[in-house]
Each structure stands twice: as structure tokens, then as C-alpha cells.
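The values are calculated or read from the model by the stated rules, or taken from the named source; none is laboratory data. No experiment lies behind these values; they were computed from the predicted model shown. Every residue, glycine as well, gets a Cβ built from its backbone with ideal geometry; the counts of neighbours run over all protein chains shown.
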Amino acid sequence: MKLSEYVTHDAVGLAELVARGEVTGAELQSVALEAVAAVNPLINAVVETWEAEGGEASAARTPASGRAPAGAPLAEVPFLLKDLGVTMAGKRTELGSRLAEGNVAAADSYLMRRFRAADLATFGRTTTPEFAYGITTEAVLYGPTRNPWDLDRSTGGSSGGSAAAVAAGIVPVAHATDAAGSIRVPAASTGLFGLKPTRGRVSMGPDVDEIFNGLAVQGCVSRTVRDSAALLDAIRGPESGDPYFAAEPERPYSEEVTRDPGRLRVGVIAQGDGRRSTAAPVLSAVSRTAELLTSLGHHVEEATLDTGVRWEEFVLANARLWTANLAAWVDSVAAASGRPVDLSTVQPETLASHAWGRRVSGADFVGALGVRNTVARAVGRRFDRYDVLLTPTLPELPPRLGVFAEGVEDLDGLGWIDRLFDRSPFTVAFNVAGTPAMSVPLAADPATGLPIGLQFAAAYGREDTLFRLASQLERAAPWSGRTPAVRAGSV
């Protein structure tokens, strides 16, 4: 298979070629490595590659607890892991940080077992900001990851390496995580589809029960809706010891993408809370999307998202949760590595957040959990009125590299969270509420050609609604014809 042909197929399509004997898994791995060689020097998305573990060789290693979906719709497909949130036995997991540099995982996490059971051919790991603690991927350990659409711009974060690798054609789908927008922000920045699942949909075990008090979830970024559906089918479901889990869906998500969504009640929110106004090209994209939804038969009206608390209180509570969790995480990594926690091992924003988090009192932390509950209840009530909420994924076009780091030395932990939330005011509430949300690449800026993502959110456990709607939108306003400047097979 030629590289120029490889990049035209999504993951399900590649697996179908393998199943029909038109290409082998070994050939796919060879061409994926060719893609790495072609574009990674330009975008810096892949940290490390190895001989694929999965695909043709995986059957003997698939744990009994793993379960492959019927027909293994992703078998033999080249796959990359984000350097955080999943562990693969014998492979490094460095968390984007010099503090964890050289760390090797002793065992597979439950999620990795699911990837193996799906027969994905995992062959490398992608960049992430340090401890995934940002919405741009510019870790000191790896250097900046560049957007394939414009090499001077950010890919978003924290799954920016995975997004850049998929957008540039290295793989059709890649692992991603999301605690405040880290699937949706990179997807919007690089012209991809990215769905954040419901809290409890995918197990975080066995080393932790939940990450950042349930704000973080596991998922992927992809070029097509059906790939994300197939991947979520492969990894969803509880494991022994999970503290809670979302009820299993009525049918596989891969079937939902073939079903009509019906007439949905859609609430449109064009401006976020906080200080940053939505930019003109993004507002235009929201307006055009609302018109498209109306033309498809949905009921569309302007709405608001009342979180039940003032924006400043929302930011403060999240800062307490985030920094306290980060402080404990950083301390545990430092103890394991034997390294100090200072500017020789962590970045200024991490060090400031670590110090701020260590000062969060138990009472403050419990109060922050109370705010989380208030927000979850308020957001949940919005879905009594609407089936889906539509917002921009980001209020602006992808920023230039270096913007997020300007003046970071003067920020404390609260100031850093305030900066992140100001730049991404639409995504975080759905992490706090635990409800599913997706970014769909429905628009592009006419002046620059940069992609614009539109976010759709649904009630707890209703990924089925989102997949049906996403598939309808993909047919009505296909994005496959828009490709970035840096793409394997054309560089």
C-alpha cells in the first residue's frame, strides 16, 4: 500500500481491507512508520515508536478479561498512545515531564488490555503537555508540537500530539484523554472529530479509581465519526473494583452511527462565561451550523448554560480540585524518581500549581466538591429542556505557539487555571457535570483556512444521541475534503 492511499482510509476502512486480504497488518505498520518519517520532523507529534504490539501478534497476549468487539472492526490498525492516562507493560510513560523521564510501566492498565483485545497494532506514543496540565502541547521535555494546518500554531492540548498525528495522516485514530477539553480542544484545533465520553464509561483502573475527582475520561481523536464509535465500543464497560460506571448502551455505538437522530431540541450558546468574547469567524460558524441543523429538521433556539455558580467561583473551585490533585501526583512521581520538584524537573506553571495545591485545605477541597455537585445538577437540568446544546468548542482560532507561556512566571496556581479556562470557556462545564460532549469539524475560517470545531453536548449517558447527530452532520456537511498543509503522502 502506498502512503498516499493509506491516508485516504479511516481505521474501520483499513481493518476491512485487512479482513478481505487486500493488505496485511505488516504492510500497514510499514506504511505508518513511513508516515512518521515523512511528517513527524515537521510536527513533532510522536515521541517514540517500537515494533507494533497488537495486530497479527496480539492474539496470544490478549488477556482473558479483555473483550474484543464482534468482528474486531479495528483489527491490525496502526495505533498510538498518548504519553499519559494509559500504561503499556515495558514501555515508557513520561507524562510529558522531566520529572518522570525514563519511567517504564510495569503492567498494562485496564484500558491497554482493551486496546489489545480490540487487536489494535500499537506502535508508539504521542506528545502531551507536562502532566496534561494545559490546553497547548508545548512540553519542555519534548518541545512544541506543531499544528499540521499551520506550523506556527498550537495543536491544542492536552491530547495535541495524538491530534497532530491523526490530522497529518500518521494514524487514522489515536488515544486521547479529556479533563477540561483535552479531546475536544485538539480536535477543534486540527480539524478532527473528538468525543468526550460520559464519566464512568471507560475504566481508569487498576492504579486509580478516577482521575481529578472524575473530571477526566478516556477516549480518542479520529477523522471519522464511525472510527470514534468503534473505538469507544472496544473500550467501554466496567472492570472489577471500579467505584461507579455508566449504564451500558442499548446497542453498540457503531450501530448508532447508522441511525437517524430524529428531531432534536437544540439550544445554541454562542458566548461563554468569563472575559473572552467569541471571535467573529467562530460566531459565523455557530450561526451557519444552527442553520444547517434547522435545515435537517431540528428545533433550534438560543439558550444559556447556567452552571449554578458565578464564573469566578467556578474557576476557584476547579483550581482547588486541579492543583490539589496535581500536587499529590507530582509528589508521587518525585518519590518514585528520586528527583526534586523544582525548575530543573518541572515547568513554571506546574511548579506554581504544585505549591498552590499543597496549600489547599481539606475544608476548601470538600467545598470545591460541593461546587462540582452544584454545577453537575445545574447542567443536568439543561437537558430536561434540550436534547443537545451547541457551542463553539473554542472561542478563537488556534493560537500561535508560545502564547500560553507569556508571563507564566508571574502566575500562581489559580492564575494558571484562570488562563486556561479563559481560553477554553465552553468545554469544562461538561467535565464537571460528567456529561458527554463532542467537537465536530464543521467549519473553517475563510481567511486562513484554519479549522473551527463546533461542540455538541448531551445528557449523562447519551453518547448515542451524539453519535447519531454527528453521523448525520458528517453526511450533510462532510469534512473529509479539507486536509492540512502537512499531511503524509503529500509532503
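Pairs linking a residue in the range 273-286 that is under 24 Å from Val379 (Cα atoms) to a residue that is part of a helix (DSSP H, G or I) and charged (D, E, K, R), with Cβ atoms under 8 Å and 6 or more positions apart or on different chains, are Gly274/Asp422; Arg275/Asp422; Arg276/Asp422; Arg276/Arg423. Taking Gly461, is it on the phi > 0 side of the Ramachandran plot, surrounded by 18 or more Cβ atoms within 10 Å (Cβ to Cβ) and either touching a Phe, Trp or Tyr at 6+ places or on another chain (Cβ under 8 Å) or in contact (Cβ under 8 Å) with a residue 40 or more places away in the chain (or both)? Judged against the criteria, Gly461 is a match.
Quick check on my filter: what residues within the range 35-55 are outside any loop (DSSP other than H, G, I, E, B), under 16 Å from Val166 (Cβ atoms) and not hydroxyl-bearing (Ser, Thr, Tyr)? Ala35, Val36, Ala38, Val39, Asn40, Leu42, Ile43, Val46, Val47 - these are the residues of the range 35-55 that are outside any loop (DSSP other than H, G, I, E, B), under 16 Å from Val166 (Cβ atoms) and not hydroxyl-bearing (Ser, Thr, Tyr).
Within the range 444-453, the set of residues being of a type in the set (A, V, I, L, M, F, W, C) and crowded, with 24+ Cβ neighbours inside 10 Å comprises Ile452 only.
The criterion of being modelled with pLDDT of 95 or more and under 24 Å from the mean Cα position of the chain (by Cα) holds for Val266.
So, Ser424, is that one buried (at least 20 other Cβ atoms within 10 Å of the Cβ), modelled with pLDDT of 95 or more, under 30 Å from Pro281 (Cβ atoms) and among the small types (Gly, Ala, Ser) or not? So Ser424 passes the test. When Ala139, Ala188 are checked against the criterion of being within 12 Å of the chain's Cα centre (by Cα) and either under 27 Å from Leu326 (Cα atoms) or aromatic (Phe, Trp, Tyr) (or both), Ala188 stands alone in meeting it. The residue list Arg377, Arg358, Arg381, Arg400 contains one member that is surrounded by fewer than 21 Cβ atoms within 10 Å (Cβ to Cβ), without any contact (Cβ under 8 Å) to a residue 60 or more places away in the chain and under 26 Å from the mean Cα position of the chain (by Cα), which is Arg381. Scanning the range 423-452 for residues that are under 25 Å from Gly200 (Cα atoms) and of a type outside the set (A, V, I, L, M) yields Ser424, Pro425, Phe426, Thr427, Phe430, Asn431, Gly434, Thr435, Pro436, Ser439. Being within 23 Å of Ala89 (Cβ to Cβ) and free of Cβ contacts under 8 Å to residues at least 12 places away in the same chain: is that true of Val171 here? So Val171 does not fit the description; no. Quick one: in the range 253-291, of everything that is hydrophobic (A, V, I, L, M, F, W, C) and part of a strand (DSSP E or B), which residue is nearest to Leu390 (Cα to Cα)? Out of the qualifying residues, it is Val268.
Is it the case, given these coordinates, that Pro63 is at pLDDT below 95, part of a loop (DSSP other than H, G, I, E, B) and surrounded by 19 or more Cβ atoms within 10 Å (Cβ to Cβ)?
no
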